[in-house]
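See structure below.
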Amino acid sequence: MNISIFDNEKLAAAALARRIAVRLKDQPRIVLGLPTGRTPVPLYRELVALHKRGEADFSRAHTFNLDEFVGVPPGQPGSYRRFMQEQLFACVNIDPSHIHFLNGMADDLDAECDRYEQEIHRAGGIDLQVLGIGTNGHIGFNEPARELIARTHRVQLLEPSRKSNASLFGGDMDRVPREALSMGMATILQAREVVLMATGKSKARCVNGVVNGGITTRVPASFLQLHPRVELLLDTPAASSLSS
Ligand code: F6R
């Protein structure tokens, strides 16, 4: 695993945004895998700034987001689709038909998961997958468990994950969905390149587990140790528990 440590989250985000801009130039049809959450917000801000300066052209790129809630319409506050629209898609020149998202309103959710896998396959696979990480080591909504699921699937959300998403629903836990759809571990690990971003002290313990611990289903992100091209992009607080 390559590890890059930056003084603060803004510098980490700016470095990754510049790299993505270069990739967009070199490989305009790049397929990006994207996360939601607090961590990538500065990344999306930097990408929008680069786009406004004419340095990031998304016109031919495709995106696949990692996950979506079940039962929340895509345009509605709280949905990850809406989050992405506000943070990135509405502010850059991406072709709307190139935005790929799980539909948590689908009548047949299992068929929806299969459709997503096929769509990733048809797009030629994910070139660069950006990830955040939960404090418990989850990636996407692949939560710590005795067994992990390989492909895109339905997930019963654990209470900590529901709580950490409550702000998207005005802090009202009753409105936070109990189910989501998520790319699976193999879907993520098949990306040609993975960049995991972790910022803030609350991520320090799980980051150390990912780097120095064993590979275990109890820390889903530890499976990234098996990937040949993974980079961890950290700020100093997130790197503070790394044993040398
Ligand atoms: C969201 C996702 C999650 C988050 C993780 C960290 O699409 O895939 O795995 O990356 O929960 O969330 P933040 O960045 O809010 O700490």
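Things to note:
- Among residues of the stretch 123-168, those that are assigned to a helix (DSSP H, G or I), surrounded by fewer than 18 Cβ atoms within 10 Å (Cβ to Cβ) and in contact with a Gly (Cβ under 6 Å, 6 or more places away or on another chain), counted: 0
- Test for R45: is it touching a residue at least 12 places away in the same chain (Cβ under 8 Å), away from the ligand (no atom under 15 Å from the Cβ), surrounded by fewer than 20 Cβ atoms within 10 Å (Cβ to Cβ) and within 18 Å of V195 (Cα to Cα): no
- Only one of the listed residues (I5, I30) is open to solvent by 50 Å² or more (accessible area, probe 1.4 Å) and either charged (D, E, K, R) or at pLDDT 95 or above (or both). That residue is I5.
- Matching option when the condition is of a type in the set (S, T, Y), under 25 Å from A15 (Cβ atoms), touching a residue at least 40 places away in the same chain (Cβ under 8 Å) and in contact with a strand residue (DSSP E or B) (Cβ under 9 Å, 6 or more places away or on another chain), among T135, T152, T199: T199
- Of all the residues in the stretch 214-224, those that are open to solvent by 30 Å² or more (accessible area, probe 1.4 Å) and either within 17 Å of G134 (Cα to Cα) or among the aliphatic types (A, V, I, L, M) (or both) number 6.
- The listed residue being within 14 Å of the ligand (Cβ to nearest atom) and either at pLDDT 95 or above or of a type in the set (G, A, S) (or both), out of G140, G124: G140
The values are calculated or read from the model by the stated rules, or taken from the named source; none is laboratory data. Note that the structure is a prediction, hence the values are computed from the model and not measured. Virtual Cβ from ideal backbone geometry, glycine too; neighbours counted across all protein chains shown. Areas reflect the complete protein model, heavy atoms only, side chains present, ligands, DNA and RNA absent. Shrake-Rupley method; radii C 1.70, N 1.55, O 1.52, S 1.80 Å.
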